[in-house]
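Engineer: Dumping the structure here so I can ask a few things about it.
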């Protein structure tokens with residue numbers, strides 16, 4: 001059965017689904033691999049350089065992010081890449 005909707009991420013972005021059926025998305029859901037990589041990149045940048053290179057708008061966006069806001073983090077990383 002399909003819902004008629006297109007997935008936001010391909011199944012291949014969730015390797016654990018080859019091993020299990022993950023149903024606990026009500027509390028802590030799986031993050032697609034690109035989101036994991038972008039978050040790691042942002043974390044490394046902040047840990048190693050702080051906010052050096054961030055403009056005011058990017059700093060405001062970082063301050064507004066919370067760990068559960070995947071879309072905001074992905075948009076932030078895209079903005080950082082565009083400023084390089």
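Where a number appears in this text, it was derived from the coordinates with a stated rule and is not lab data. Just so we're clear, the structure is a prediction, and the values are computed from it rather than from any experiment. For neighbour counting, all protein chains shown are included, and Cβ atoms are generated from backbone atoms with ideal geometry for every residue, glycine included.
Engineer: Restricting to the range 13-27, name every residue that is surrounded by 10 or more Cβ atoms within 10 Å (Cβ to Cβ) and over 25 Å from residue 80 (Cβ atoms).
Structural biologist: Hits for the range 13-27 are 15, 17, 22.
Engineer: Right, next: If I ask for residues that are surrounded by 13 or more Cβ atoms within 10 Å (Cβ to Cβ) and part of a helix (DSSP H, G or I), which ones from the range 51-65 would you list?
Structural biologist: 58, 61, 62
Engineer: Does any residue of the range 58-65 turn out to be touching a helix residue (DSSP H, G or I) at 6+ places or on another chain (Cβ under 7 Å) and closer than 14 Å to residue 81 by Cα?
Structural biologist: yes
Engineer: Is there a residue in the range 36-46 that is more than 21 Å from residue 77 (Cβ to Cβ) and either surrounded by 10 or more Cβ atoms within 10 Å (Cβ to Cβ) or touching a helix residue (DSSP H, G or I) at 6+ places or on another chain (Cβ under 9 Å) (or both)? Break it down into steps so the answer makes sense when it comes.
Structural biologist: First pass over the range 36-46, keeping only residues more than 21 Å from residue 77 (Cβ to Cβ): none.
Within the range 36-46, not a single residue is more than 21 Å from residue 77 (Cβ to Cβ) and either surrounded by 10 or more Cβ atoms within 10 Å (Cβ to Cβ) or touching a helix residue (DSSP H, G or I) at 6+ places or on another chain (Cβ under 9 Å) (or both).
Engineer: Another one. Assess whether residue 32 counts as being out of contact with any helix residue (DSSP H, G or I) (no Cβ under 6 Å at 6 or more places or on another chain) and touching a residue at least 12 places away in the same chain (Cβ under 8 Å).
Structural biologist: no
Engineer: Please enumerate the residues belonging to the range 16-35 that are more than 24 Å from residue 79 (Cβ to Cβ), outside any loop (DSSP other than H, G, I, E, B) and within 16 Å of the chain's Cα centre (by Cα).
Structural biologist: none
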